[in-house]
Amino acid sequence: MATSTSTPGAAGDAVVGCHNTVHGLCTPLRQVPLDIVAARGLRPVQEWSLQTCRGFNPLTDVAMPSGNASRPTSVLLGVAVPLPDDVKQYVDDARVFATLATILPDGRPHLTVVWIKRDGDDLLVSTTVDRQQGKNMARDPRVTLVIAAPANPYLYAEIRGNVSLTPDPGRELPDELSRKYTGQDYLTFWPASVNDAARLVARITPEKITGQR
């Protein structure tokens, strides 16, 4: 997830970081002038839990941890942006499904229709460790979501961003999403889900929003 904070020795700048708690990837990504931080609506790092970052402290640590060297270069350029009010309304509507695009190992896109909800400006999707989209996001955090307006499919938003994955051992997010879309707990709606592999929360932080709205 993209976050910001001031950092010692960089007066007038902020650090944008990315945390993937499944693999412990916690990287300070770039220095961003504070006027750009304010203009882009970056949220302070204090809004995020640093306990999940497996020892990484964005206030002091500046080296890229081992294992991150192969991350795509474009991941290092992301700055979080807030969701516009109309897009928030799309997401909050129980009639709206999203199409999630992730990247296959060979570079081709993989598309999945998903349930979705908001947590502030972040978008939450549930997946499992063995599903293709889950594997793709664990390997490459770059994702795109497309959401159409419920009353007019000619209006849509394309949301590009980075994803962080966290375990969901209590399967709370599938229940929340199922109640939103079906009015039932997920196991009641889909009994076969008792056999699902370990669940993950995919938290998508928007970095660019385009479309016809």
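To keep it simple, each residue is scored yes or no on (1) closer than 11 Å to residue 124 by Cα; (2) part of a loop (DSSP other than H, G, I, E, B).
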{"residue": "164", "(1), (2)": "yes, no"}
{"residue": "169", "(1), (2)": "no, yes"}
{"residue": "184", "(1), (2)": "no, yes"}
{"residue": "193", "(1), (2)": "no, no"}
{"residue": "197", "(1), (2)": "no, yes"}
{"residue": "202", "(1), (2)": "yes, no"}
> How about region 193-213: which of its residues are free of Cβ contacts under 8 Å to residues at least 24 places away in the same chain and over 19 Å from residue 112 (Cα atoms)?
Replying inline: 194, 195
>> Can you say whether residue 180 is assigned to a helix (DSSP H, G or I), assigned by TED's automatic domain parsing to the domain that holds residue 94, closer than 23 Å to residue 84 by Cα and in contact (Cβ under 8 Å) with a residue 12 or more places away in the chain, as far as the supplied structure shows?
In response: yes
>> Anything in region 149-172 that is hydrophobic (A, V, I, L, M, F, W, C) and within 23 Å of residue 207 (Cα to Cα)? List them, or say none.
In response: 149, 155, 157, 159, 163, 165
>> Residues that are in contact with a strand residue (DSSP E or B) (Cβ under 8 Å, 6 or more places away or on another chain), part of a strand (DSSP E or B) and of a type in the set (Lys, Arg): does region 204-213 have at least one?
In response: yes
> Restricting the search to region 151-184, which residues are under 18 Å from the mean Cα position of the chain (by Cα) and aliphatic (A, V, I, L, M)?
Replying inline: 157, 159, 163, 165, 173, 177
> Which one is nearest to residue 208 (Cα to Cα), of the residues in region 150-162 that are outside any loop (DSSP other than H, G, I, E, B) and free of Cβ contacts under 8 Å to residues at least 12 places away in the same chain?
Replying inline: 153
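The values are calculated or read from the model by the stated rules, or taken from the named source; none is laboratory data. From a predicted model like this one, the values you see are computed outputs, not experimental measurements. Counting neighbours? That spans all protein chains shown, and the Cβs are built from the backbone with ideal geometry, glycine included.
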